[in-house]
Each structure stands twice: as structure tokens, then as C-alpha cells.
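Since the structure comes first, as C-alpha cells, the remarks are kept for the end.
Values in this text are rule-based calculations from the coordinates and carry no lab data. No experiment lies behind these values; they were computed from the predicted model shown. We place every Cβ from the backbone using ideal geometry, glycine too, and count neighbours over all the protein chains shown.
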Amino acid sequence: MLLHHEPGTPQLMGQMNRATVINILTKLGPISQTQICDLTGLSRATVSTIIADLRKEELVVAVSRAASTSGRRRVLLELNGDAGYVIGVDLGGTNMAGAVTNLLGKVIYSLKQPTCASDGPEAVFQSLLRFIRRLAAESQIDQGRIKGVGIGIPGVVVKGREVQWAPSLKWKDYPLVDTLSAHIDFPIFLENDVNLQALGEYWYGLGQGVDVLVCLAIGTGLGAGIVINGQVFFGSHQAAGEVGNLVLDTSQLGQPYPGFGFLESWASGSAIGQRYMEFSGSSELVDAETVFKLARQDDPIALKVVKGFSEHLAMAIVSISTVLDPELIILGGGVAKEADLFLPKLEELALPVLQTRPRLVASELGDIAGVMGAVALTLHNTNGQLLSSYKRVGE
């Protein structure tokens with residue numbers, strides 16, 4: 001997807017080898033050339049050439065020396081975080097969050113503002129454009145050193161350029177990259193927001209070093225981002241991880257679910273508020289945050305809602321674990337902030353059913369997971385100066 005060369009050409013192989021070395025430096029640096037060779041299987045000559053090129057471009061620096069077992073000293077190498085900057089944006093239906101980071105993902109400046117989705121699709125675009133410009137300007141960095149902008153979209157993204165459908169933003173077949181590129185000079189990369197949450201967890205959160213990772217995003221709806229061996233898995237129709245469409249028994253088969261899927265009509269932030277209204281007989285709109293607050297006060301209706309939510313979410317945990325056998329499932333999204341109220345129940349209900357059990361944890365990155373995923377997307381898509389192996393599994 002990212003490399004526009006015929007498979008197997010020397011140029012492509014060179015770029016792939018370079019990407020591999022950069023990934024190792026990003027994840028494991030400081031590290032020696034010998035260790036890079038051992039981990040990648042690349043020859044000493046190949047690694048030496050790549051490192052020489054990266055040092056010439058000031059993308060790699062020697063940070064210290066360490067004695068080897070033979071007594072000889074070796075140079076430890078690290079990606080030069082100050083060689084450039086990236087902008088990451090998590091564009092939500094209500095708010096957008098963003099950050100400027102260096103090449104090691106260190107946050108230089110962050111920002112949050114309303115999306116203005118209720119004002120229409122063009123208002124969303126203008127708000128996003130102003131937001132990116134604010135991040136670049138208010139971070140007070142040299143804008144000539146910005147390597148790109150990564151944006152997480154709450155919808156379907158086609159070929160990393162067009163938003164096919166994002167209902168909360170009122171965008172349909174919206175050519176976002178081309179439209180933004182008419183106003184800003186930075187390279188722009190798009191991806192689904194839940195996939196970016198998973199990518200953020202893999203590179204900067206609790207998913208570091210995990211081969212099979214699922215980030216279960218519990219917000220307005222319910223979705224999952226899947227990372228396998230460092231690559232986001234999308235499926236043949238870009239729909240892998242749409243766990244909100246799961247059903248629980250045969251009575252739910254053969255029925256259309258035009259809005260929310262069946263499971264997310266029970267296991268999501270919106271569902272929590274809706275169930276409380278139904279069970280209490282109230283016509284007043286209640287949000288999930290209020291329901292959890294009431295549950296902490298031992299409100300019986302709120303406790304009943306949280307119990308039902310936990311039972312339905314446990315079904316998603318079982319289904320995900322059975323099909324993918326992940327090492328780790330991270331609970332993310334706004335509802336995960338209240339995970340202490342339902343995580344023990346999830347473990348009690350789901351884990352005994354499974355032959356192999358994943359670790360279940362709540363995200364430590366929280367709201368910034370999607371932003372850091374957008375940062376990772378940008379870092380690992382920038383050709384030439386910084387190319388990495390981010391790609392869609394199967395492409």
C-alpha cells in the first residue's frame with residue numbers, strides 16, 4: 001500500500017530493510033549494530049550501510065558505549081528524536097484532540113477543542129484545518145521540520161486518502177487528503193480512529209512488545225482495533241473489529257440493525273444511558289458518566305445497568321479471544337475510565353469460558369491513545385527520511 005514499486009525490486013527491498021532497522025531503533029534503542037543484525041537477520045554489511053545513511057541524515061545518533069563480553073566496546077544507537085516532528089489528531093464527533101511530538105513520540109504540545117459537527121461537514125473541515133494550524137504554530141517548533149500529519153477518523157477510510165463514510169462528522173465520500181493538501185504543505189495520513197487507538201497502544205502504551213493485541217474501544221459505540229505482529233489487521237472489506245455487530249443468540253439472527261449493531265446497543269456508552277432511562281422509566285437523557293457516578297453511590301438501577309453492560313461486553317471478550325487468541329485486550333474509549341467498576345466482572349464471566357486467556361487491562365494512555373496512534377501512523381508512513389513498515393495486513 002505504501003510502497004509504489006514492483007515487488008522484489010532492489011529499491012523496494014532496500015526500503016523494507018531500512019524500515020525494519022528504523023522499527024528496531026524506535027522500539028528497542030539504544031541498541032548496537034550487532035544486536036540489530038541478530039534481531040533482524042540482516043547482514044552486517046546491510047545494517048552498516050543503513051546506519052551510515054541514517055546517521056548522515058541525522059536520524060540516528062550514538063548515545064553511549066557499552067562493554068561487550070569480549071571486553072571490546074561498542075556503540076549504542078538511537079533514533080534521533082529531535083530530527084523532526086509530527087502532528088497527530090484524533091478527530092471525534094464531539095471533540096478533536098491533537099499533539100505535536102518529536103520522532104520518538106515525546107509530546108511537545110497538545111491541544112483539544114470542539115469539532116463543531118452539528119454545524120455541518122464544511123464546518124468540521126474548517127475546524128480541523130484551524131486545529132492543525134494551531135498545533136503547528138502554538139508548539140513553537142520550526143514548521144519546516146514537520147514530517148507529516150496523521151488523523152484518526154470515526155468512520156471508513158479508503159486507501160488512506162478519502163473518508164468513505166463518517167456519520168458523526170456528516171462526511172460521505174469526502175476527499176479529505178486532497179482538500180487539506182490545498183491548504184497545508186505537510187504530508188497527510190488518514191486512518192480509522194479505533195485502529196489508531198490500537199496502534200497507539202502498540203507503540204506507546206501497554207501493548208508494547210505484544211504480538212497479538214486487541215484494543216476494545218468503548219465509547220458512543222463499540223469497536224475493536226487489531227494489531228498482529230505490528231500491523232493493523234483490516235479484513236477483506238475493511239471491517240475487521242466491528243464487534244458491535246455481534247449477536248448473542250438465534251433470536252437476533254435474520255434481522256437488520258441499521259443503526260447500532262445488536263451488541264453495541266447493550267455494550268457501549270450510549271447504551272448505558274439508554275438502558276438507565278428504560279429501567280428507571282425516565283424521559284430525561286442520561287449519559288454513561290452519570291450512570292457510573294450513580295453506581296458508585298449504590299443506586300440499584302445504575303448497578304443493574306452496569307451489570308447488564310458487563311455481561312454483554314464479556315460476550316465480546318469471549319468472541320474476540322476465541323477467534324484471535326490475543327495476548328492482550330486493552331479496554332479503551334471514554335467508558336474505560338470507569339473500568340474499575342466492570343473489569344473484575346469481565347474477568348469473572350469471560351475468562352473461565354476460555355481455553356487460552358488473554359490479559360485484560362484498561363488503557364493507561366486514555367484519551368491520547370488515538371493521538372499517539374496518529375503519530376505512529378505518520379512516523380511509519382513518511383517515505384525517504386523516515387520510512388517504516390506500517391501497512392495493512394494482506395496488502
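Relative contact order for the chain: what is it in percent, counting Cα pairs under 8 Å that are at least 6 residues apart?
17 percent
Among DSSP beta bridges lying fully in the chain, give the percent that are antiparallel, nearest 5.
Antiparallel bridges: around 65 percent, rounded to the nearest 5.
Give the angle, between 0 and 90 degrees and rounded to the nearest 10, that separates the Cα long axis of helix 369-379 from the longest principal axis of the Cα atoms of the chain.
With both axes taken from Cα atoms, the answer is about 30 degrees.
Where in segment 249-307 are there GluC sites (Glu not before Pro) that are in a DSSP coil and have at most 10 other Cβ atoms within 10 angstrom of their Cβ?
Listed in order of number, the matching sites are Glu284.
Which of Met315, Met372 has the fewest other C-beta atoms within 10 Å, and how do the rest follow up to the most?
The order, fewest Cβ neighbours first, is Met315, Met372.
Counting Lys and Arg as +1 and Asp and Glu as -1, what is the net charge of the other residues whose Cβ lies under 15 Å from the Cβ of Glu289?
Net charge around Glu289: -2.
Could you work out the helix-only [θ] at 222 nm for the chain, with each DSSP H run of four or more residues adding -39,500 (n - 2.57) and the total divided by the number of residues, to the nearest 500 deg cm²/dmol?
My calculation for the chain gives -11500 deg cm²/dmol from helical runs alone.
Between beta-carbons, use under 14 Å as the cut-off and find the net charge around Ser310, counting Lys and Arg +1, Asp and Glu -1.
Combined, the nearby Lys, Arg, Asp and Glu give -1.
Compute the long axis of helix 44-56 from its Cα atoms, compare it with the longest principal axis of the Cα atoms of the chain, and write down the angle in degrees, 0 to 90, nearest 10.
In the chain, helix 44-56 runs at an angle near 80 degrees to the longest axis.
Can you compute the modelled spin-label distance between Ile184 and Gln255, with each label point 7 Å from Cα toward Cβ, in nm?
The two pseudo-label positions are separated by 4.3 nm.
Go through Lys170/Lys337; Lys27/Lys345; Lys27/Lys159; Lys112/Lys147; Lys106/Lys345; Lys147/Lys345 and tell me which ones have a Cα-Cα distance over 32 Å in this structure.
Lys27/Lys345; Lys106/Lys345; Lys147/Lys345
To the nearest 0.05, how large is the calculated FRET efficiency for Lys304 and Asp53 if R₀ is 45 Å and r is the Cβ-Cβ distance?
Calculated transfer efficiency: 0.15.
If the elastic network links every pair of Cα atoms under 10 Å, which of Phe279, Phe262, Phe309 fluctuates the most in the Gaussian network model of the chain?
For the chain, modelled as a Gaussian network with Cα springs under 10 Å, the answer is Phe279.
Taking the alpha-carbon centroid of each part, what is the distance from segment 179-217 to segment 28-53 in angstrom?
26 Å
With a ≥ b ≥ c the root eigenvalues of the C-alpha gyration tensor of segment 105-241, is it rounded (a/c under 1.5), prolate (a/b larger than b/c) or oblate?
Oblate.
Cα centroid distance between segment 112-138 and segment 356-375, in Å?
Centre-to-centre distance over Cα atoms comes out at 25 Å.
For Asp38 and Leu248, calculate 0.36 nm times their separation in residues minus their Cα-Cα distance, and state this gained length in nm to one decimal.
70.9 nm
How high is the FRET efficiency from Asp287 to Ile228, r the C-beta distance, R0 41 Å, rounded to 0.05?
Efficiency, from the Cβ-Cβ distance: 0.75.
Report the gain in length on full extension from Lys170 to Met16: 0.36 nm times residue separation, minus Cα-Cα distance, nm rounded to one decimal.
51.7 nm
Could you tell me how many degrees, from 0 to 90 and to the nearest 10, lie between the Cα long axis of helix 193-204 and the main elongation axis, the longest principal axis, of the Cα atoms of the chain?
50 degrees
Excluding the sites themselves, what is the longest stretch of the chain that contains no trypsin sites (Lys or Arg not before Pro) in a DSSP loop with at most 14 other C-beta atoms within 10 Å?
Here the longest run is 162-395.
Which FRET efficiency value, to the nearest 0.05, do you get for Gln297 and Asp142 by plugging their Cβ-Cβ distance into 1/(1 + (r/R0)^6) with R0 = 51 Å?
0.50
Please compute the modelled spin-label separation between Phe279 and Asn95, points set 7 Å along Cα→Cβ, answer in nm with one decimal.
So the two model labels end up 2.7 nm from each other.
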